[in-house]
1. Taking 8 Å as the Cα distance limit and 6 or more residues as the minimum spacing, I'd like the relative contact order of region 1-97 as a percentage.
2. Can you give me the Cα centroid spacing of region 79-107 and region 10-66 in angstrom?
3. Could you work out the helix-only [θ] at 222 nm for the chain, with each DSSP H run of four or more residues adding -39,500 (n - 2.57) and the total divided by the number of residues, to the nearest 500 deg cm²/dmol?
4. Give me the one-decimal nm value for the distance between modelled label points at residue 25 and residue 40, 7 Å along each residue's Cα-to-Cβ direction.
5. If the chain between residue 91 and residue 60 were fully stretched, how many nm would it gain, using 0.36 nm times the residue separation less the Cα-Cα distance?
6. Starting with the highest mean, order 17-29, 87-99 by the number of other Cβ atoms within 10 Å, averaged over the residues of each peptide.
7. Answer with a single label: of (1) 52, 47, 20; (2) 51, 28, 27; (3) 92, 33, 20, which was calculated as Cα extents along the principal axes in Å from the structure in view?
8. Suppose each label sits 7 Å from its Cα in the direction of the beta carbon; what would the residue 53-residue 14 distance come out to in nanometres?
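Nothing in this text is a laboratory measurement; each read-out follows from the coordinates by a stated rule. Owing to the predicted nature of the structure, the values given are computational and were not obtained by experimental measurement. When we count neighbours, we look across all protein chains shown, and the Cβ atoms used for this are built from the backbone with ideal geometry, even at glycine.
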């Protein structure tokens with residue numbers, strides 16, 4: 001009985017969050033969120049593949065996990081810099097340039113892990 005009340009409250013919270021998120025009209029923020037979800041799925045796929053094929057090179061796994069986690073965290077940082085009030089005075093172009101440069105650097109570092 002108590003579990004059913006908790007589930008209904010949880011559904012109400014999820015519906016409220018979904019409704020507020022759907023009111024977000026900025027397509028750039030929605031695109032960044034979708035990119036973050038893609039990075040999480042890639043990370044899960046890499047780890048799942050490492051359990052299925054344990055004989056795969058460890059360097060490749062490290063590079064893929066490093067890149068997926070890094071790109072996801074960079075995208076989260078970009079999203080925060082574009083939406084948070086404490087960064088309102090900062091130029092949005094500067095935040096995007098920092099994201100692109102850090103992504104290029106991270107891809108370069110990940111290439112050194114490859115055999």
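1. About 27 percent, as a whole number.
2. Cα centres, region 79-107 to region 10-66: 20 Å.
3. For the chain, the value works out to -28500 deg cm²/dmol.
4. Here the answer is 2.7 nm between the modelled labels.
5. Contour length minus Cα-Cα distance gives 7.5 nm.
6. So the peptides 17-29, 87-99, ranked by packing, come out 87-99, 17-29.
7. The calculated read-out lines up with (1).
8. With each label placed 7 Å out from Cα toward Cβ, I get 3.4 nm.
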